[in-house]
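Structure first, commentary second.
The values are calculated or read from the model by the stated rules, or taken from the named source; none is laboratory data. Here the structure is a predicted model, which means the values were calculated and not measured. Note that each Cβ is placed from the backbone with ideal geometry, even for glycine, and that neighbours are counted across all protein chains shown.
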Protein chains: 2
Amino acid sequence: MSTRVLEHPSTEELRLESVLHALADPMRLEVVRFLAEAGREVACSEIDLAVSKSTGTHHYRVLREAGIISQVYRGTAKLNSLRRADLDTRFPGLLDSVITAAGAG
Amino acid sequence: MSTRVLEHPSTEELRLESVLHALADPMRLEVVRFLAEAGREVACSEIDLAVSKSTGTHHYRVLREAGIISQVYRGTAKLNSLRRADLDTRFPGLLDSVITAAGAG
């Protein structure tokens, strides 16, 4: 069995423009809000985005590559979690203000 | 002489996705930081973006249409200012966290 490890930017590699771009989408904001509320690892299948599987996969990849979420394989499932500590370290207050604004939206 | 008034979204019309998208660009972030520091109306010509005039105009328009800046004509000059109060009302803490992060970047 191959070990599949997905690439993630390090905390130092997080770029503000990429983070803002990744957040500038209603579906991806929905994922971020869901993960923030859950406060745990969540399988993609738990979040109902009402889009095709490939579109959903795309949105998760954009979030991972921007450094907003972490994705790990557990068997055939991909588990997602918010990189809250990393984001708070690099961009203090940003994630919270976006989540609050998205909730008020 | 015609009075040229540029269109601006009202405070209620500001959309989080549009604001985040508009901020997700290094040139536009530079304009926002400049205006935040200036704290006054600034002519486009005062901000050296090192791009063509049409590209610069595009960036200012994206910022205006997202509701991040206000643009008014004074004679032939277009004066820009940050809609800080409007943004703070709709998305508390967002602008400050982005400006701080952009400065630290």
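Side notes on the structure shown:
- Boolean, residue A:94 is of a type outside the set (D, E, K, R), touching a residue at least 12 places away in the same chain (Cβ under 8 Å) and either under 28 Å from residue B:25 (Cα atoms) or in contact with a Leu (Cβ under 9 Å, 6 or more places away or on another chain) (or both): yes
- Qualifying positions in segment B:1-31 - aliphatic (A, V, I, L, M), buried (at least 16 other Cβ atoms within 10 Å of the Cβ) and more than 11 Å from chain A (Cβ to nearest Cβ): B:31
- Residue list for segment A:63-105, restricted to those being β-branched (Val, Ile, Thr) and either within 12 Å of chain B (Cβ to nearest Cβ) or surrounded by 19 or more Cβ atoms within 10 Å (Cβ to Cβ) (or both): A:68, A:69, A:89, A:98, A:99, A:100
- Within the set A:62, A:72, A:51, the sole residue that is touching a strand residue (DSSP E or B) at 6+ places or on another chain (Cβ under 9 Å) and over 19 Å from residue A:103 (Cα atoms) turns out to be A:72.
- Members of segment B:37-48 found to be surrounded by fewer than 17 Cβ atoms within 10 Å (Cβ to Cβ) and among the aliphatic types (A, V, I, L, M), listed by number: B:38, B:43
- Residue match in segment B:50-58 (condition: under 11 Å from the mean Cα position of the chain (by Cα) and at pLDDT 95 or above): no
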